[in-house]
Amino acid sequence: MIELKDISEYTGIKFEDLKTVDEFKAAFDKDFIKQSAITEESEPVKKILGKVFGTLENDIKKVAKGFELDIDFESDDFKANKKVNDKFKFVLGKYDEKNKATIADLTAKAGLGNDDKVRELQTKWEKATQKAKETETLLNSTKTEFEQYKTNTVNEIKTKTLSSIKKEIYAKAKFLPDANEFTKKGFLTSFEEKYNFDLDENENPFITTKKGEKIISSKVAGAFKTPAEVLEEELISAKLYVLNPAGGQKKPEPQKQEQPGQVIKRTRTVATPL
């Protein structure tokens with residue numbers, strides 16, 4: 001049975017200082033975040049996204065200035081693009097418009113001996129377009145790296161949570177008093193080779209076979225066995241479970257033995273005639 005002191009020791013939250021559930025929630029949310037709450041809308045993730053996207057947006061503005069584009073970044077046209085990809089395409093589109101207008105103007109003057117200038121500008125435009133594509137590739141790579149970071153963070157939190165849960169369940173396993181550490185470690189190693197621990201959408205632990213199949217409860221209809229129940233059954237099967245204080249066996253009563261030269265007085269009951 002889990003007690004408040006166990007939760008207090010694990011989380012570091014002092015329940016004696018709390019008076020309401022809201023105070024507990026505030027203390028919990030200060031240092032912890034539920035795995036199910038890790039989304040792009042959660043505050044910790046928003047802060048990370050804000051920093052990443054803010055940096056990318058600054059890079060886009062530098063690209064626009066490098067292309068000598070006259071863009072008002074405070075205008076509604078620019079701010080209407082909410083996603084970083086859209087903002088980048090907006091800048092790239094402006095650059096494309098500028099170069100097409102310039103090329104069209106020079107092309108119109110090609111008959112006046114400006115062919116070399118047109119070709120030179122076309123070459124610059126092609127190089128700049130290639131640079132823009134490379135920047136877009138870098139942007140997509142950064143997004144991919146962030147998604148991988150977010151996935152790794154979620155998996156790391158889940159792994160630590162499951163490790164803590166298993167440690168707590170194993171600590172409550174009722175081994176025989178004479179079971180040494182070598183025996184216990186061997187049993188638990190075999191146990192983990194046979195079963196997997198996982199968390200459901202509500203962060204409740206459950207156990208499955210290595211094939212990913214939950215184990216149907218033989219006690220409750222429509223329910224599955226808990227990790228603690230499966231562990232207990234495996235302990236019993238391995239004859240390592242404490243069934244009673246004597247380890248599942250009754251201690252034999254000591255027998256009196258005659259010592260050499262010792263006479264033990266025996267009494268005899270005689271029936272009295274009626």
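The values are calculated or read from the model by the stated rules, or taken from the named source; none is laboratory data. The model shown is predicted, which means the values in this text are computed figures rather than measured ones. Neighbour counts run over all protein chains shown; Cβ positions are idealised from the backbone, glycine included. The area values use the complete protein model at the heavy-atom level, side chains included, leaving out ligands, DNA and RNA. Shrake-Rupley method; radii C 1.70, N 1.55, O 1.52, S 1.80 Å.
Could you grab the pairs with beta carbons closer than 6 Å, sequence gap of 6+ or different chains, first residue in the stretch 190-212 and farther than 15 Å from A228 by Cβ and without any contact (Cβ under 8 Å) to a residue 60 or more places away in the chain, second one open to solvent by less than 50 Å² (accessible area, probe 1.4 Å) and not hydrophobic (A, V, I, L, M, F, W, C)?
Pairs found: N196/T208.
List pairs: first residue in the stretch 221-243 and closer than 24 Å to S164 by Cα, second residue among the acidic types (D, E) anywhere in the structure, Cβ distance under 9 angstrom, at least six positions apart or on different chains.
K225/E233; L240/E234; Y241/E232; Y241/E233; Y241/E234
Considering only residues that are over 17 Å from I165 (Cβ atoms) and not charged (D, E, K, R), which ones fall in the stretch 197-214?
T209, G212
When you go through (1) in a loop (DSSP other than H, G, I, E, B); (2) within 26 Å of I7 (Cβ to Cβ) one by one for K166, which number turns out not to apply?
Of everything listed in (1) in a loop (DSSP other than H, G, I, E, B); (2) within 26 Å of I7 (Cβ to Cβ), K166 misses just condition (1).
Looking at L199, L188, can you tell me which residue is modelled with pLDDT under 95 and in contact with a strand residue (DSSP E or B) (Cβ under 9 Å, 6 or more places away or on another chain)?
Exactly one residue qualifies, and that residue is L199.
Could you identify the single residue in V91, V52 that is modelled with pLDDT of 75 or more and either small (G, A, S) or under 25 Å from E145 (Cα atoms) (or both)?
After ruling out the rest, the residue left standing is V91.
Search the stretch 201-237 for residues being among the hydrophobic types (A, V, I, L, M, F, W, C), open to solvent by 50 Å² or more (accessible area, probe 1.4 Å) and part of a loop (DSSP other than H, G, I, E, B), and hand back the single one that is nearest to N180 (Cα to Cα).
V220
Could you tell me how many of the residues in the stretch 164-180 are open to solvent by 70 Å² or more (accessible area, probe 1.4 Å) and over 24 Å from Y10 (Cα atoms)?
Number satisfying all stated conditions: 3.
Which condition from (1) of a type outside the set (D, E, K, R); (2) within 23 Å of S141 (Cβ to Cβ); (3) exposed (fewer than 15 other Cβ atoms within 10 Å of the Cβ); (4) modelled with pLDDT under 75 is the one that S36 breaks?
Every condition holds for S36 apart from (2).
Could you grab the pairs with beta carbons closer than 7 Å, sequence gap of 6+ or different chains, first residue in the stretch 117-137 and open to solvent by 40 Å² or more (accessible area, probe 1.4 Å), second one polar (S, T, N, Q)?
W125/N99
Can you name the residue in the stretch 1-30 that is among the acidic types (D, E) and open to solvent by less than 90 Å² (accessible area, probe 1.4 Å) and, of all such residues, is nearest to the chain's Cα centre (by Cα)?
D6
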